[in-house]
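**Q** Dropping a structure here in structure tokens format, bear with me for questions.
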Amino acid sequence: MAERKARVERNTLETQITVEINLDGTGTANFDTGVPFLDHMMDQIARHGLVDLDITCKGDLHIDDHHTVEDIGITLGQAFRQAVGDKKGIRRYGHAYVPLDEALSRVVIDLSGRPGLSMDVPYTRASVGGFDVDLFEEFFHGFVNHSMVTLHIDNLKGKNTHHQIETVFKAFGRALRVAIEMDERMAGITPSTKGAL
Ligand SMILES: [Mn+2]
């Protein structure tokens, strides 16, 4: 099997980002983005998705976290799309329910070749540790638009905002892991009746 790795650099006047991804990794993560709460969440993708992630960003944090969070989502989406390749032999769909104490989230993913996001997370607070949690929707919008995946994210229960979003990222990692897994019965086959994804 070809190595499922990618390295993408994306530079704008607002952010300078490098993303390295290995879909067949061990969950090793290195982040240097200047936004520790985002790093803590992306760490969940690496660990529970068993993908290696190395992400650096120099962003205009003196304005706010918005450009940094959205642009990392975009660049991660570009790297993911490159790494996943022609999708022959993969499971394509993945879903996971993940709890953390009182919180419970469900994430369903389809490596469909079409961007789509449905995200319903009724946050109980607007920010955690100074981080504006609304920005996670920008992160996932950036990701789906450039990875060309369909993503349904629902936080089903939760009182603590940190728990709500952490269960989302853990479930996203888990669902992603299943969707990108090689299915030996699908070897060499594109999992679509269209013959292309
Ligand atoms: Mn945590």
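The values are calculated or read from the model by the stated rules, or taken from the named source; none is laboratory data. This one's a predicted model, so the numbers in the text were calculated from it and none came from an experiment. Cβ coordinates were reconstructed from backbone atoms using ideal geometry, including for glycine residues, and neighbour counts include every protein chain displayed. All accessible areas refer to the heavy atoms of the entire protein, side chains included, with ligands and DNA or RNA removed. Shrake-Rupley method; radii C 1.70, N 1.55, O 1.52, S 1.80 Å.
**Q** For the stretch 49-67, name all the residues that are within 28 Å of Tyr97 (Cα to Cα) and either of a type in the set (Val, Ile, Thr) or within 16 Å of the ligand (Cβ to nearest atom) (or both).
**A** Across the stretch 49-67, the qualifying residues are Val51, Ile55.
**Q** Here's something else I'd like to know. Considering the stretch 16-34 alone, what residues qualify as being touching a Cys at 6+ places or on another chain (Cβ under 8 Å) and in a loop (DSSP other than H, G, I, E, B)?
**A** Thr33, Gly34
**Q** I would also like to ask the following. Give the residues of the stretch 145-197 that are open to solvent by 20 Å² or more (accessible area, probe 1.4 Å), touching a helix residue (DSSP H, G or I) at 6+ places or on another chain (Cβ under 6 Å) and either under 30 Å from Glu102 (Cβ atoms) or of a type in the set (D, E, K, R) (or both), sorted by residue number.
**A** Those that are open to solvent by 20 Å² or more (accessible area, probe 1.4 Å), touching a helix residue (DSSP H, G or I) at 6+ places or on another chain (Cβ under 6 Å) and either under 30 Å from Glu102 (Cβ atoms) or of a type in the set (D, E, K, R) (or both): Gly158, Lys170, Arg174, Arg177.
**Q** So the check is Cβ under 9 Å with 6+ separation or different chains; which pairs have a first residue in the stretch 15-39 that's among the aromatic types (Phe, Trp, Tyr) and a second one that's open to solvent by 30 Å² or more (accessible area, probe 1.4 Å) and not in a helix (DSSP H, G or I)?
**A** Here the result reads Phe31/Asp54; Phe31/Thr56; Phe37/Asp65; Phe37/Gly129; Phe37/Gly130, each pair linking the stretch 15-39 to a residue that is open to solvent by 30 Å² or more (accessible area, probe 1.4 Å) and not in a helix (DSSP H, G or I).
**Q** Okay, next question. Among what's in the stretch 142-169 and is assigned to a loop (DSSP other than H, G, I, E, B) and farther than 23 Å from Ala126 by Cβ, pick the residue that is nearest to the ligand (Cβ to nearest atom).
**A** Val149
**Q** Would you be able to say whether some residue in the stretch 125-140 is within 16 Å of the ligand (Cβ to nearest atom), within 14 Å of the chain's Cα centre (by Cα) and either closer than 19 Å to Met41 by Cβ or in a helix (DSSP H, G or I) (or both)?
**A** yes
**Q** If we keep just the residues of the stretch 15-45 that are touching a Gly at 6+ places or on another chain (Cβ under 6 Å) and within 16 Å of the ligand (Cβ to nearest atom), which is farthest from Ser147 (Cα to Cα)?
**A** Phe37
**Q** Given Asn22, Asn11, Asn30, which one is crowded, with 18+ Cβ neighbours inside 10 Å, modelled with pLDDT of 95 or more and polar (S, T, N, Q)?
**A** Among Asn22, Asn11, Asn30, only Asn22 is crowded, with 18+ Cβ neighbours inside 10 Å, modelled with pLDDT of 95 or more and polar (S, T, N, Q).
Results for (1) away from the ligand (no atom under 16 Å from the Cβ); (2) open to solvent by 10 Å² or more (accessible area, probe 1.4 Å); (3) of a type in the set (Lys, Arg); (4) on the phi < 0 side of the Ramachandran plot, shown as yes or no for each residue.
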residue: Arg47; (1), (2), (3), (4): no, yes, yes, yes
residue: Val69; (1), (2), (3), (4): yes, no, no, yes
residue: Arg81; (1), (2), (3), (4): yes, yes, yes, yes
residue: Val108; (1), (2), (3), (4): yes, yes, no, yes
residue: Arg114; (1), (2), (3), (4): yes, yes, yes, yes
residue: Val121; (1), (2), (3), (4): no, yes, no, yes
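**Q** Could you check how many residues of the stretch 65-119 are of a type in the set (A, V, I, L, M, F, W, C), under 26 Å from Gly188 (Cβ atoms) and without any contact (Cβ under 8 Å) to a residue 60 or more places away in the chain?
**A** Qualifying residue count, the stretch 65-119: 0.
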